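Report on the following structure.
The values are calculated or read from the model by the stated rules, or taken from the named source; none is laboratory data. All values derive from a computational prediction rather than experimental measurement. Note that we place each Cβ from the backbone using ideal geometry, even for glycine, and neighbour counts take in every protein chain shown. What goes into the accessible areas is simple: the full protein's heavy atoms, side chains included, and nothing from ligands, DNA or RNA. Shrake-Rupley method; radii C 1.70, N 1.55, O 1.52, S 1.80 Å.
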Protein chains: 2
Amino acid sequence: MDATTQQQDAHEQQPTPERIFQTLTAYQQAAAMKAAIELDLFTAIAEGANTTDKLAASRNAAERGVRILCDYLTVLQFLRKEDGRYSLSPEAAVFLDRNSPAYVGGMAGFLAGEHLAHAFDNLTESVRKGGTTMDAQQGSMTPEHPMWEEFARSMAVMMRMPAEAIAEIVGIEQLGACKVLDIAAGHGVFGITLARHNPQAEIHAVDWRNVLPFARRNAEEAGVAERFREIPGDAFEVEFGEGYDLALLTNFFHHFDAETCTRLMRKVHASLKDGGRAVTLEFVPEEDRVSPPVAASFAMVMLGTTPSGDAYTFSEFERMFRDAGFSRSESYPAPPSRIIVSYK
Amino acid sequence: MDATTQQQDAHEQQPTPERIFQTLTAYQQAAAMKAAIELDLFTAIAEGANTTDKLAASRNAAERGVRILCDYLTVLQFLRKEDGRYSLSPEAAVFLDRNSPAYVGGMAGFLAGEHLAHAFDNLTESVRKGGTTMDAQQGSMTPEHPMWEEFARSMAVMMRMPAEAIAEIVGIEQLGACKVLDIAAGHGVFGITLARHNPQAEIHAVDWRNVLPFARRNAEEAGVAERFREIPGDAFEVEFGEGYDLALLTNFFHHFDAETCTRLMRKVHASLKDGGRAVTLEFVPEEDRVSPPVAASFAMVMLGTTPSGDAYTFSEFERMFRDAGFSRSESYPAPPSRIIVSYK
């Protein structure tokens, strides 16, 4: 019987305070995962440093530190331990070994980074006021906030799969010459992926002036820099231009209230050519707002970091987009997110 | 299918990065539980404020804040939600409703309090050096550290069950007139419980000068203050006296290396009368050090907060206590801890 099954059985049989204890100390789980990624322990184990003495030597760390961390990660089921030797769990092998093509360790810099984590230092006060207590009330929406540099640096890896999904859903390879507006481009991965799949696609990327260089560098690395245009500034203020075939709104609406989302979508509608499409990537919970777990939990990040953002349901998005002039919206799964395609 | 089952199935079927994502953001779980306890939301729901508008009114909080927090706690399975109405899970009803006799919400002040949480701000460095990075290297072992006041204030509730278990295991009611040494007494609950069960038991409580007032106040409330003596100071330096029937060492050894534990236990041995017993309460992992989950995870708290503490196995305790002069040690379950009785 593994640890999770054990806990769950206990949970079902009779209540104990164990899960409350574990939840109140869950910041230790985040710290342990972040430390293991920073020390690149998973890669070391994959490369054969599978005992505490070998790991300590390979990572120039104390054996006590490495042993306690690896045992803890074994309890969390990211490692396995047998006869004092550690090995990677299947998910650690795929996503936490730096030599794996699906490595996602880089996202620790954003997800467990200081800006996002500090937004939860006084969540009680955020619940009372109904919004972030960060940075003079604007939170992550403060112009040119440095957390979006951290985001652009860290989160590109998580976006490759949904970017490929968008490329397929919109049929980018069949579009021929086209203009793509990439709003809040961040790392730029979404527009860049479309440009890679269609050599006649031209990307116009909107983001803060301090963030666009990250997208520019990624466009250069992908060999699409000559079709990558920059529109620096506030997405609500800056001039988008017009005649776009596609507008990408990836993980952006959740930062704002519904009225603000509708206003932005009206501006997007005006920038699209007839028959153009807006493509939204979002955490979209079911109507009950408590499932599926990742999408539903995401509203909490918005409470901690924004004045009035949210994880919207599909029916809420449908209404906003209809109010903004779009004729219809279709929803596609891209776990843990959804892709919504809206037609002008 | 509930959220946990869903995740687990996904976990078994094919690896996704979801659990890595959730672990890196697990500090949000701790913050949410702490906020709900500070706002006393569970009690409000138990008392019938089971919708977001009623909860917001009852707790003078924003409806958006309350709704996002309650939905999040539903995802974590501490609440249930049906037709927009929240109710408590069985464990929340028993342990998080302030009107329940088993309420443990007070422990949030210590477990998710600033001292313990900040010890994990730079865990990577703790792993490298093999010990805490708090307070000039002594961490929670720094004389008169204020985190032990927080501990004494918050954690008494968690100690009632193991304190009753100790009272029964040592047969305190049959001991008649007896002297009990309570080392690192903290809130004082262990000695006080023995004194409550035996009107001829006299308690001698050792702790820092800034912590003992918490134990004194609890002794007064329990009506045993006239049999409660204080020995302020460092347990390794201060004079215990002698002729004790029992010595209590509850959640203390884990802060030190094995040599230091053995040294202390030798001092305890000298303070006991012939036939006296030392009673240890500890998180004791199995020999594999990765099970059961709570006991095994506890080593991580020691890495974050102490220079060289640990969660010791029973065989390690047996050896230390034998080296200190005890003839034999017996182990009893007191989940998630164990009680070890050692005979002089």
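Quick rundown of the values:
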read-out: Any hit, region A:217-231, residues being among the acidic types (D, E), within 14 Å of A:A167 (Cα to Cα) and surrounded by fewer than 24 Cβ atoms within 10 Å (Cβ to Cβ); value: no
read-out: Qualifying residue in region B:38-52 (condition: in contact with an Asp or Glu (Cβ under 9 Å, 6 or more places away or on another chain), open to solvent by less than 10 Å² (accessible area, probe 1.4 Å), in a helix (DSSP H, G or I) and within 7 Å of chain A (Cβ to nearest Cβ)); value: no
read-out: Residue within region B:306-327 that is facing chain A (nearest Cβ under 7 Å) and without any contact (Cβ under 8 Å) to a residue 24 or more places away in the chain present; value: no
read-out: Those strands (runs of 3 or more DSSP E) lying entirely in region A:74-189 with at least 1 residues of a type outside the set (K, R) and in contact with a Lys or Arg (Cβ under 7 Å, 6 or more places away or on another chain); value: A:85-88
read-out: Residue in region B:168-204 that is most open to solvent (accessible area, probe 1.4 Å), counting only those that are among the small types (G, A, S) and under 18 Å from the mean Cα position of the chain (by Cα); value: B:A184
read-out: Number of positions in region B:205-242 that are among the basic types (K, R) and under 19 Å from the mean Cα position of the chain (by Cα); value: 0
read-out: Filter result for the condition that a residue is under 20 Å from the mean Cα position of the chain (by Cα), open to solvent by less than 10 Å² (accessible area, probe 1.4 Å) and of a type outside the set (A, V, I, L, M), over A:T132, A:T142; value: A:T132
read-out: Failed condition for B:R153, given (1) more than 16 Å from the chain's Cα centre (by Cα); (2) more than 9 Å from chain A (Cβ to nearest Cβ); (3) open to solvent by 70 Å² or more (accessible area, probe 1.4 Å); value: (1)
read-out: Close pairs (6 angstrom Cβ cut-off, 6 or more residues apart or separate chains): within 14 Å of another protein chain (Cβ to nearest Cβ) and under 17 Å from A:A299 (Cβ atoms) in region A:330-344, hydrophobic (A, V, I, L, M, F, W, C) and assigned to a loop (DSSP other than H, G, I, E, B) anywhere; value: A:S337/A:F283
read-out: Any hit, region A:162-183, residues being among the aliphatic types (A, V, I, L, M) and at pLDDT below 95; value: no
read-out: Flag for B:E91 being surrounded by fewer than 18 Cβ atoms within 10 Å (Cβ to Cβ) and either within 8 Å of chain A (Cβ to nearest Cβ) or of a type in the set (D, E, K, R) (or both); value: no
read-out: Selection from region B:210-252 of residues that are in contact with a Leu (Cβ under 9 Å, 6 or more places away or on another chain), aromatic (F, W, Y) and closer than 27 Å to B:E173 by Cα; value: B:F240, B:Y244, B:F252
